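Undergrad: Dumping the structure here so I can ask a few things about it.
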Amino acid sequence: MEQRVSMIMTAAENLSVLRAFYEVGLGWSPWMPPSHHSIMYKVGHSVLVFLDGPYLAKERGEPIGQGSKTSLAVFVDSKESVDQIYANALAAGATKTSSVRDRDGGLYTGYFADPEGNSWEIVWSPHMKLDADGALALPTGYD
C-alpha cells in the first residue's frame, strides 16, 4: 500500500542557492524534476517544496518580499538519519542553532538554519508512529 506523505512549502529568494545547499551539500535529489519556480525533496516521510518567493506570493495573493521564514520539523526514521543530515548540513555551511542531542520524552534532535534562514529541526523519537496520512508524527504528549 502506497503511503501518503506530509508536504511542507516555503518561499525561497534564491532557488539556485538552495539547490546548491541541498543537492551538493546534503546530497539530496529532487523528488520530481525541478521547474524554474520550484524544487521538491523527499526526506523521511515528508516532502519539502521550495517555491520561488515572487511565484508563491502571487499564488497566495500576498505582497512580494513580505513572506516570513519557515520553521521546518522533519521526522526521520533513525538517530543515524538525524546525525547524517545534521553533519551534512553543517559541512555545507548551515548555521548551527543547537547541537544534536537527546531531549525529554525520548526525542533526539538537531537544529540548524539553511542559507535562506529557514530553521530546521531534524527529529527522531521511539514514540513516532505513522499518522492517518502516512506521515511520521509524534502522538500527543511527546513534544
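The values are calculated or read from the model by the stated rules, or taken from the named source; none is laboratory data. Just so you know, these numbers come straight off a predicted model, no measurement behind them. A quick note on method: Cβ atoms are made from the backbone with ideal geometry, for glycine too, and the neighbour counts reach across all protein chains shown. Accessible surface is based on the protein model in full, side chains and every heavy atom, while ligands, DNA and RNA are left aside. Shrake-Rupley method; radii C 1.70, N 1.55, O 1.52, S 1.80 Å.
Undergrad: Among the residues of the range 71-106, count how many are in contact with a Leu (Cβ under 8 Å, 6 or more places away or on another chain) and either in contact (Cβ under 8 Å) with a residue 24 or more places away in the chain or among the hydroxyl-bearing types (Ser, Thr, Tyr) (or both). Even if it seems obvious, please write down each step before you answer.
TA: Quick first cut of the range 71-106, residues in contact with a Leu (Cβ under 8 Å, 6 or more places away or on another chain) only: 72, 74-77, 85, 88-89, 92, 96.
So of that shortlist, the ones also either in contact (Cβ under 8 Å) with a residue 24 or more places away in the chain or among the hydroxyl-bearing types (Ser, Thr, Tyr) (or both) come out as 72, 74-77, 85, 88-89, 92.
Here the count works out to 9.
Undergrad: Here are some conditions: (1) part of a helix (DSSP H, G or I); (2) modelled with pLDDT under 85. Residue 17 meets all but one. Which one does it not meet?
TA: (2)
Undergrad: I need a count of the residues in the range 111-126 that are out of contact with any Ser or Thr (no Cβ under 7 Å at 6 or more places or on another chain) and assigned to a strand (DSSP E or B). Give the steps one after another, and end with the answer.
TA: Let us first name the residues in the range 111-126 that are out of contact with any Ser or Thr (no Cβ under 7 Å at 6 or more places or on another chain), namely 114-117, 120, 125-126.
Of the ones still in play, those that are also assigned to a strand (DSSP E or B) are 120.
Qualifying residue count, the range 111-126: 1.
Undergrad: Output yes when any residue across the range 127-140 is of a type in the set (Val, Ile, Thr), open to solvent by 70 Å² or more (accessible area, probe 1.4 Å), modelled with pLDDT under 90 and not in a loop (DSSP other than H, G, I, E, B), and no when none is. It would help to see each step written out before you state the result.
TA: First, pick out the residues of the range 127-140 that are of a type in the set (Val, Ile, Thr): 140.
Right, trim to open to solvent by 70 Å² or more (accessible area, probe 1.4 Å) and you get 140.
Right, trim to modelled with pLDDT under 90 and you get 140.
Right, trim to not in a loop (DSSP other than H, G, I, E, B) and you get none.
Checked the range 127-140: no residue is of a type in the set (Val, Ile, Thr), open to solvent by 70 Å² or more (accessible area, probe 1.4 Å), modelled with pLDDT under 90 and not in a loop (DSSP other than H, G, I, E, B).
Undergrad: Could you check, for the range 65-74, whether at least one of its residues is modelled with pLDDT of 85 or more and under 15 Å from the mean Cα position of the chain (by Cα)? If you could, list the steps in order and put the result at the bottom.
TA: Restricting attention to the range 65-74, the residues satisfying the condition of being modelled with pLDDT of 85 or more are none.
Taking every residue of the range 65-74 in turn, none turns out to be modelled with pLDDT of 85 or more and under 15 Å from the mean Cα position of the chain (by Cα).
Undergrad: Another question, then. Could you check residue 101 against (1) part of a loop (DSSP other than H, G, I, E, B); (2) modelled with pLDDT of 90 or more; (3) charged (D, E, K, R) and say which number it fails?
TA: (1)
Undergrad: What are the residues in the range 20-58 that are surrounded by 15 or more Cβ atoms within 10 Å (Cβ to Cβ), modelled with pLDDT of 75 or more and of a type in the set (S, T, N, Q), if any?
TA: The answer is 38, and nothing else.
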